[in-house]
Ligand code: UD1
């Protein structure tokens, strides 16, 4: 099949391109080579068998051109820094929401033969995850108040009775409650694609990625995920800086499993006009991540627990993966231990510039972190 991957030079997109080519597809990539991610221009890992159009998705002509002859579109292009999205609001809305609008306009207003659209959504659209209260059962608390955070009461409280609640897997049924501009743009991408898909009978699927990690994750971008940030600190012999008490948790899913979910979404009719969580279904505390990475790197660096918070951070969220398992037959294959080992082995051949201090200062001056 002829396939377009927007954002195909990025961390997730490039792995997807490799797998599609391995499976015999003809792949085109539309990517603007965002400077923050690709400091030295084209990354060395780009698959030479793909065709590349280096352009911004908001460039109507180039986006239209990239759709010529395409059967399937994987829309992965996005600006990805959550904190940064809170002070570069227009940039995030423009690239992510308007960029998706340009893509959809091009699909519906030009002659094309696109038969399937798969869009990268995110768990960030849920806001806080799902919780269970010993007395009130399933609850969906809102973000912790500023006051609660200032009192260093890190755990979530039941919105009905105020008792401490326990995180449980978050399913697709949870009401969406984005807590950052980034998350709002991800929600808009998911909803716009599904709405247009349904109206024009173009089978569309949204995949809600949980915290993705793996080789090719940028080690120089202090705005990306925590595993890469910790790895970059450790490689520079600096202790990982852990917010809150370190017991906050996330669901870490290896990039190879994310790619497999995308392929299932492409192949299975059961995926059409629907949205799915893509996670491991397991939760890991952030402190555990910091310790595991330091340990596997063989460095005696104890994580520094800051007891400070970032605005908008959720406490816990991990995926209920029953829907994607039952409907698409998805099964995460890469264990956390093996995946982390692989990430660290890959990082040995990489330069890592630790810019987390700079990113933190930026958040602090804007009152978005302590
Ligand atoms: C991340 C991604 C988001 C993606 C989502 C789902 C980023 C910035 N966020 O959101 O794009 O949609 O996963 O895949 O890439 N932490 C520390 N020390 C640090 C950095 C982070 O303790 O130096 C903590 C944070 O306070 C938070 C946790 O680690 O509790 C996770 O943070 P982060 O990696 O930024 O991810 P998410 O907000 O979960």
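The values are calculated or read from the model by the stated rules, or taken from the named source; none is laboratory data. Remember, predicted model here, so these are calculated numbers, not experimental data. Here Cβ is always computed from backbone atoms with ideal geometry, including for glycine, and neighbour counts include all displayed protein chains.
List of remarks:
- Which listed residue is touching a strand residue (DSSP E or B) at 6+ places or on another chain (Cβ under 6 Å), more than 28 Å from residue 277 (Cα to Cα) and without any contact (Cβ under 8 Å) to a residue 60 or more places away in the chain, from 151, 60, 51: 51
- Candidates 315, 322 - the one that is under 20 Å from the mean Cα position of the chain (by Cα), at negative phi, surrounded by fewer than 18 Cβ atoms within 10 Å (Cβ to Cβ) and at pLDDT 90 or above: 322
- Candidates 67, 20, 4, filtered to the one that is in contact with a strand residue (DSSP E or B) (Cβ under 6 Å, 6 or more places away or on another chain) and closer than 18 Å to residue 109 by Cβ: 4
- Residue match in segment 315-323 (condition: in a helix (DSSP H, G or I) and either within 12 Å of the ligand (Cβ to nearest atom) or touching a helix residue (DSSP H, G or I) at 6+ places or on another chain (Cβ under 8 Å) (or both)): no
- Qualifying positions in segment 232-265 - in a loop (DSSP other than H, G, I, E, B) and more than 8 Å from the ligand (Cβ to nearest atom): 236, 237, 238, 239, 245, 247, 251
- Here residue 50 fits the description: crowded, with 18+ Cβ neighbours inside 10 Å and farther than 30 Å from residue 312 by Cβ.
- Residue within segment 280-290 that is surrounded by fewer than 24 Cβ atoms within 10 Å (Cβ to Cβ), more than 9 Å from the ligand (Cβ to nearest atom), modelled with pLDDT of 95 or more and farther than 27 Å from residue 352 by Cβ present: yes
- Tally of residues being in contact (Cβ under 8 Å) with a residue 60 or more places away in the chain and within 13 Å of the ligand (Cβ to nearest atom) across segment 161-183: 7
- Taken over segment 201-211, the residue count meeting the criterion of being more than 16 Å from the ligand (Cβ to nearest atom) and either touching a helix residue (DSSP H, G or I) at 6+ places or on another chain (Cβ under 6 Å) or assigned to a helix (DSSP H, G or I) (or both) is 2.
- Scan segment 229-274 for residues that are in contact with a strand residue (DSSP E or B) (Cβ under 7 Å, 6 or more places away or on another chain) and without any contact (Cβ under 8 Å) to a residue 24 or more places away in the chain and the total you get is 0.
- Only one entry in 290, 337, 359, 352 is part of a helix (DSSP H, G or I), in the same structural domain as residue 86 (by TED's automatic domain parsing), within 18 Å of residue 237 (Cβ to Cβ) and in contact with a helix residue (DSSP H, G or I) (Cβ under 9 Å, 6 or more places away or on another chain), namely 290.
- Strands (runs of 3 or more DSSP E) wholly inside segment 1-107 containing at least 1 residues that are within 30 Å of residue 360 (Cβ to Cβ): 26-31
- Across segment 184-196, the number of residues qualifying as in contact with a strand residue (DSSP E or B) (Cβ under 7 Å, 6 or more places away or on another chain) and either within 14 Å of the ligand (Cβ to nearest atom) or over 12 Å from residue 275 (Cα atoms) (or both) comes to 3.
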